[in-house]
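All remarks here apply to the structure that follows.
The values are calculated or read from the model by the stated rules, or taken from the named source; none is laboratory data. All values reported here derive from a predicted model rather than from experimental measurement. Just so you know, the surface numbers come from the protein's heavy atoms only, side chains and all, with ligands and any DNA or RNA stripped out. Shrake-Rupley method; radii C 1.70, N 1.55, O 1.52, S 1.80 Å.
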Amino acid sequence: MSFKRIILISRPLMWSWTALMYLVGIGSFSHFSFLAFVELVLFTFPFNLYLYGINDIYDVASDRINERKDGVQGIAPKDEEIQSLKKVVWIPPLLLFLVSLISYNLEHILIVVLAIFLAFVYSYKHTRFKEIPFLDCITSAIGYCIPALAAYSLHASISTIPITVFLIILPYMGIHAVTTLLDDTVDAASGMTTIGVVLKKRGTILFSIATFF
């Protein structure tokens, strides 16, 4: 598999999102450390390669009939590329976990483990949270916030965060729901039961609006 195709699998457009969320958790330059810098890097290309690599391995049937999978929106891996992906996709989470151990911070380590776990169960063929309506939204919404929580836990306990801040998970659920509409026709044709397929366009949009309210 060429390096260019590996980059495309990691969805370059999403690197800035995970990096931004990590920086939000850092909060200020005074909290920045060498460990934080290393994790910031790992939460860009490496973590997204893991996240979307697993997704591409188990979504290959739908991706191959999806016209969006032609570049920055991802690609449909060939059979030989899937075999390569299955070997390299585990390197980023292993590195992230090992780096988190350097913090000697149990809360931080558990948050990193949660990030790795959620990315796995969302796409893996025997769990497929992405095909369980509402659970897929919850998993994805927490996943959006994980980099920020990981960074924050390096300098303070997440128990110090006001509970109302966690309400941001609700609109993120709605955002995720709407994104499933981009592939609802293809997903339905492949027999997938994403929230966009189950609720249809109208229901999904109404659900998203409700989460923002």
Margin query: Let me cross-check residue 111: its accessible surface, 1.4 Å probe, with only protein heavy atoms counted, in Å² to the nearest 10?
Written below: 20 Å²
Next item on the list: Pairs of lysines 8 or more apart, or on different chains, with alpha carbons under 27 Å: count those in the stretch 74-213, would you?
Entry: 12
Item checked: List 4, 78, ordered by accessible area with a 1.4 Å probe, largest first -> 4, 78
Checklist line | Rounded accessible area of residue 52 (nearest 10 Å², 1.4 Å probe) | finding: 50 Å²
Next item on the list: Decide, for the chain, between rounded, prolate and oblate: order the square roots of the alpha carbon gyration tensor eigenvalues as a ≥ b ≥ c, take rounded if a/c falls under 1.5, and otherwise choose prolate if a/b is larger than b/c, else oblate.
Entry: oblate
Notebook entry, point to check: With all protein chains present, how much of the accessible area of the stretch 90-182 (probe radius 1.4 Å) comes from carbon and sulfur, to the nearest whole percent?
Noted result: 80 percent
Item checked: 39, 107, reordered so the largest accessible area comes first (probe 1.4 Å) -> 107, 39
Notebook entry, point to check: Summing -39500 (n - 2.57) over the DSSP H runs of n ≥ 4 in the chain and dividing by its residue number, what mean residue ellipticity at 222 nm do you reach, to the nearest 500 deg cm²/dmol?
Noted result: -20500 deg cm²/dmol
Item checked: Distance histogram for the stretch 79-177 (every C-alpha pair counted, 5 angstrom bins, percent rounded to whole numbers) -> 2, 12, 18, 20, 19, 16, 8, 3, 1, 0
Margin query: Please list 5, 128 from largest to smallest accessible area, probe radius 1.4 Å, with all protein chains kept in place.
Written below: 5, 128
Item checked: Per residue accessible area of the stretch 113-205, 1.4 Å probe, in Å² -> 47 Å²
Notebook entry, point to check: Quick one: how many Å² of residue 120 are accessible to a 1.4 Å probe, rounded to 10?
Noted result: 60 Å²
Notebook entry, point to check: Shape call for the stretch 37-92 from the C-alpha gyration tensor, a ≥ b ≥ c root eigenvalues: rounded (a/c under 1.5), prolate (a/b greater than b/c) or oblate?
Noted result: oblate
